[in-house]
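All remarks here apply to the structure that follows.
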Amino acid sequence: MGNRPDQRAFEQRLQEHRRLIAKVASVYAAGAEDRRDLEQEICVQLWRAWPGYDEARARFSTWLYRIALNVAISQLRSSTAGAGRLEPLQPHHLDTIGAEQAPERDERLVALYAFIGQLEPLNRALILLYLEDRSYAEIAEVLGISETNVATKLGRIKQTLRGRMVAAEA
C-alpha cells in the first residue's frame with residue numbers, strides 16, 4: 001500500500017477514532033503496558049485490512065470496532081495466562097469508557113464497571129457497544145450476530161448485572 005493519499009486518509013481516520021481503540025484496549029488488556037501493546041496491535045491489523053475497507057459496506061467506526069474487538073478477543077484467547085492477566089475495570093477506566101466525560105464515580109458505578117469486567121469477552125464487547133449508544137443493528141453487524149441475538153444477550157447481561165448490583169447493595 002504505497003499510495004500516499006490512502007496512507008494519509010487512513011492516518012486521519014485512525015486519529016479521529018483513536019478513542020474507540022483506547023476503549024477496547026481498556027476493556028480487554030491489563031495494565032498500561034498491555035493496553036498500549038493491544039492498541040498498537042489493533043492499529044497494525046487495521047492498517048493491514050485498510051485496502052479492503054469499503055465505505056459502501058460499513059461505516060468506518062463499525063469496521064474499526066469489528067477489527068478491534070476481534071484482535072482483542074483473539075489475543076485474550078491465545079494468551080496462556082489469559083484470565084490471570086485480565087484487570088477488572090477500575091475507577092480510572094471510567095475516563096475512557098462510556099460517555100465523552102467521565103460519569104460520577106459513585107460506589108454503584110464503580111461496582112457496575114467491576115461486574116462488567118467479569119463478563120465473558122463477547123458479552124463485554126456487547127455491553128461496550130451498548131454503552132457507546134450503538135444501535136442493535138450496528139452491534140449485530142460489528143459482532144456478526146443477529147439483532148435478535150443482540151437483544152436477547154443484552155437482556156440477559158442486564159439482568160445479570162442488576163442481580164449482582166442488588167446483591168452488592170444488600
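What follows is calculated from the coordinates using simple rules that are stated; it is not laboratory data. Note that this is a predicted model, so its numbers are computed, not measured.
Things to note:
- Our coupling estimate for segment 124-132, obtained by passing each phi through the Karplus curve with A = 6.51, B = -1.76, C = 1.60 and θ = phi - 60°, is 5, 4, 4, 6, 4, 5, 4, 5, 7 Hz, Gly and Pro reported as x.
- Fully extended contour minus Cα-Cα distance, from R48 to E147, at 0.36 nm per residue: 32.8 nm
- Gyration tensor (alpha-carbon) shape descriptor, segment 21-75, a/c threshold 1.5: prolate
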